[in-house]
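Here it is, the structure, as structure tokens.
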């Protein structure tokens, strides 16, 4: 009788353990599927490019606009001066792009804040200056919207 009891008890333990493993495997598989589905979501940015050419000088801005961040590149090419070439990372505040510009110039990497007013088919550079203890924003170079070149 004890032998029969041990056999039945052992069988129940083995069945319960196997059943729990199957349920855990199923739950793990569902969790992995859920994670994989979330990882598949890809955000495609709205890419817009702007250019200003004045004589032998040019400024090129490429923006990649995501729902909550703007990335891209900014290139200043001024005749007989060192070029600035780098990346932007910022946000849109209404029609104003405020970004950090990380660039190389004269072999040195630097970072500075850049701002552009985005309106219609143009991006106007904005400068922040201090005049008589007040911060003043001045409009600078206007870049016209262009088709983005294939890179």
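For the pair residue 87 and residue 69, how long in nm is the line joining their label points, each one 7 Å along Cα→Cβ?
Once both label points are built, they end up 1.0 nm from each other.
Let me ask something else about it. Which of the peptides 108-120, 85-97, 126-138 is most tightly packed, and how do the rest follow, going by the mean number of other Cβ atoms within 10 Å of each residue?
Sorting 108-120, 85-97, 126-138 by mean packing, highest first, produces 85-97, 108-120, 126-138.
Still on this structure, I have one more. If you take the beta carbon distance between residue 46 and residue 132 as r and set R0 to 41 Å, what does 1/(1 + (r/R0)^6) give as a FRET efficiency, to the nearest 0.05?
Given R0 = 41 Å and the Cβ-Cβ separation, E is 0.55.
Taking just the alpha carbons, could you work out the radius of gyration and Dmax for region 46-146, both in angstroms?
When restricted to Cα atoms, region 46-146 yields Rg and Dmax of 13.6, 40 Å.
Using a 10 Å cut-off around each Cβ, can you sort 144, 80 from fewest to most neighbouring Cβ atoms?
80, 144
So what is the relative contact order for region 46-146, in percent, with contacts set as C-alpha pairs under 8 Å and at least six apart?
Here the relative contact order equals 21 percent.
Whole Å is fine, so just give me how far the alpha carbon centre of region 102-151 lies from that of region 43-57.
12 Å
Read-outs: derived from the displayed coordinates by stated rules, not from any lab. The structure presented is a predicted model; accordingly, all values stated were derived computationally and were not measured. We place every Cβ from the backbone using ideal geometry, glycine too, and count neighbours over all the protein chains shown.
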